[in-house]
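Chemist: Following this message is one structure expressed as structure tokens.
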Amino acid sequence: MNSDILNYTEQHIKKADIQDKSVLEVGSLNVNGSIRPYIELLEPKLYLGIDIKDGKNVDLIADITKCDKWNILFDVIICQSTLEHIRQWKKAVNNMKSLLSVDGLIYISIPDKEFHFHGYPYDWWRFSQKDLESIFNDFEIIRSDKIGMINLLIVKKINRTISDISNYKLYSILRKKLMKEQSIIDLIVWSLNNWKYLLRRAVVATLKLF
């Protein structure tokens, strides 16, 4: 996680936002830094970190696109540098909105269009500030900022109504154009066109084993 994101989050998430409240972190696996130690200092009632694979800071292996049946609400949801890796981002956003209690807060950070490709395990989308504000137009926007190539948004849920984003188009990092959806075919086409990049990654990963 970018140090600027950590600093920004620490600056704008205060104890009153977290103390005695339930927190869900989407994409909680600690890859290169985590906000969790800071959040836990603010004494949440519950902190649940979910990710699609096990590892440090992951309490539950779960896919946010498949959490629509959960019978629980959270006061705070944190999603940092994660949405760009989720092919079905609309399901992810809708589920986060549904899992949030009224008056609850969502904290999001996500790379802008200029940010380089970083497959972990995949990389699908780029969100502009305008995109984030449009996608969350059913929420009260507390802050909308940009630090370098990272967009940051803090929003508050004001009612139970969720806007329809099914037709929204985002910039595809694979196809270099606006798209409503992407499929595995898009990933295959990108892979065929970028085999040298994938080969370098495979070599680096192999060398790390020795």
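Chemist: Considering region 35-51 alone, what residues qualify as being over 17 Å from Phe74 (Cα atoms) and in contact (Cβ under 8 Å) with a residue 24 or more places away in the chain?
Modeler: Ile35, Tyr38, listed by residue number.
Chemist: Within region 60-73, take every residue that is part of a helix (DSSP H, G or I) and of a type outside the set (Ser, Thr, Tyr) and give me the one that is surrounded by the most Cβ atoms within 10 Å (Cβ to Cβ).
Modeler: Among those residues, the one meeting the criterion is Ile64.
Chemist: Name every residue in region 39-86 that is of a type in the set (S, T, N, Q), under 12 Å from the mean Cα position of the chain (by Cα) and at negative phi, in order of residue number.
Modeler: Residues of region 39-86 that are of a type in the set (S, T, N, Q), as a first pass: 57, 65, 71, 80-82.
Okay, now just the ones that are also under 12 Å from the mean Cα position of the chain (by Cα), so 65, 80-82.
Within region 39-86, Thr65, Gln80, Thr82 qualify.
Chemist: Would you please name the residue that is nearest to the chain's Cα centre (by Cα), looking only at residues in region 113-145 that are at pLDDT 95 or above and among the charged types (D, E, K, R)?
Modeler: Per the stated criteria, the residue is Arg126.
Chemist: Hey, another quick one. Within region 97-117, is there a residue that is more than 15 Å from Val155 (Cβ to Cβ) and polar (S, T, N, Q)? Quick ask: steps written out before the conclusion?
Modeler: The initial filter retains those residues of region 97-117 that are more than 15 Å from Val155 (Cβ to Cβ), namely 111-117.
Filter again for polar (S, T, N, Q), leaving none.
Within region 97-117, none of the residues are more than 15 Å from Val155 (Cβ to Cβ) and polar (S, T, N, Q).
Chemist: While we're here: Taking region 144-175 on its own, how many of its residues are of a type in the set (Asp, Glu) and more than 23 Å from His12 (Cβ to Cβ)?
Modeler: Narrowing region 144-175 to residues of a type in the set (Asp, Glu): 145, 164.
Narrowing the set further to residues that are more than 23 Å from His12 (Cβ to Cβ) leaves 164.
Qualifying residue count, region 144-175: 1.
Chemist: Run Ala202 past the list (1) modelled with pLDDT under 90; (2) in contact with a strand residue (DSSP E or B) (Cβ under 6 Å, 6 or more places away or on another chain) and report the number of the one that doesn't hold.
Modeler: Against the list (1) modelled with pLDDT under 90; (2) in contact with a strand residue (DSSP E or B) (Cβ under 6 Å, 6 or more places away or on another chain), Ala202 comes up short only on (2).
Chemist: Okay, moving on. When the residues of region 155-170 are filtered to those that are assigned to a strand (DSSP E or B) and not basic (Lys, Arg), which remaining residue is farthest from Ile78 (Cα to Cα)?
Modeler: Leu170
Chemist: Taking Asn57, is it within 26 Å of Ile150 (Cα to Cα) and in a helix (DSSP H, G or I)?
Modeler: no
Chemist: For Tyr8, state whether it is in contact with an Asp or Glu (Cβ under 9 Å, 6 or more places away or on another chain) and either under 16 Å from Met96 (Cα atoms) or acidic (Asp, Glu) (or both).
Modeler: On the way: in contact with an Asp or Glu (Cβ under 9 Å, 6 or more places away or on another chain): yes; either under 16 Å from Met96 (Cα atoms) or acidic (Asp, Glu) (or both): no.
No; evaluated as a whole, the condition is false for this residue.
Chemist: Give the number of residues within region 52-73 that are without any contact (Cβ under 8 Å) to a residue 40 or more places away in the chain, of a type in the set (A, V, I, L, M, F, W, C) and in contact with a strand residue (DSSP E or B) (Cβ under 6 Å, 6 or more places away or on another chain).
Modeler: Within region 52-73, residues that are without any contact (Cβ under 8 Å) to a residue 40 or more places away in the chain, of a type in the set (A, V, I, L, M, F, W, C) and in contact with a strand residue (DSSP E or B) (Cβ under 6 Å, 6 or more places away or on another chain) number 4.
Chemist: Next question. Scan region 1-34 for residues that are part of a helix (DSSP H, G or I), out of contact with any Gly (no Cβ under 9 Å at 6 or more places or on another chain), in contact (Cβ under 8 Å) with a residue 12 or more places away in the chain and not aromatic (Phe, Trp, Tyr) and report the count. Please lay out each step first, then the result.
Modeler: Going residue by residue through region 1-34, those that are part of a helix (DSSP H, G or I) are 3-12, 15-18.
Checking the rest, the ones that are also out of contact with any Gly (no Cβ under 9 Å at 6 or more places or on another chain) come to 7-12, 15-18.
Checking the rest, the ones that are also in contact (Cβ under 8 Å) with a residue 12 or more places away in the chain come to 8-10, 12, 15, 17-18.
Imposing the further condition that a residue be not aromatic (Phe, Trp, Tyr) reduces the set to 9-10, 12, 15, 17-18.
Total satisfying the criteria: 6.
Chemist: Can you pull out the residues in region 1-34 that are over 13 Å from the mean Cα position of the chain (by Cα), buried (at least 19 other Cβ atoms within 10 Å of the Cβ) and of a type in the set (A, V, I, L, M, F, W, C)?
Modeler: Selection gives Ile13, Ile18, Val23.
Chemist: While we're here: Is it the case that some residue within region 35-44 is in a helix (DSSP H, G or I) and surrounded by 14 or more Cβ atoms within 10 Å (Cβ to Cβ)? Walk me through it before giving the result.
Modeler: Taking region 35-44 and keeping what is in a helix (DSSP H, G or I), we get 36-41.
With the extra rule that they be surrounded by 14 or more Cβ atoms within 10 Å (Cβ to Cβ), the set shrinks to 36, 39.
Yes, region 35-44 has at least one match.
The values are calculated or read from the model by the stated rules, or taken from the named source; none is laboratory data. This is a predicted model, so every value here is computed, not measured. No Cβ is skipped: glycine too gets one built from the backbone with ideal geometry, and neighbour counts run over all protein chains shown.
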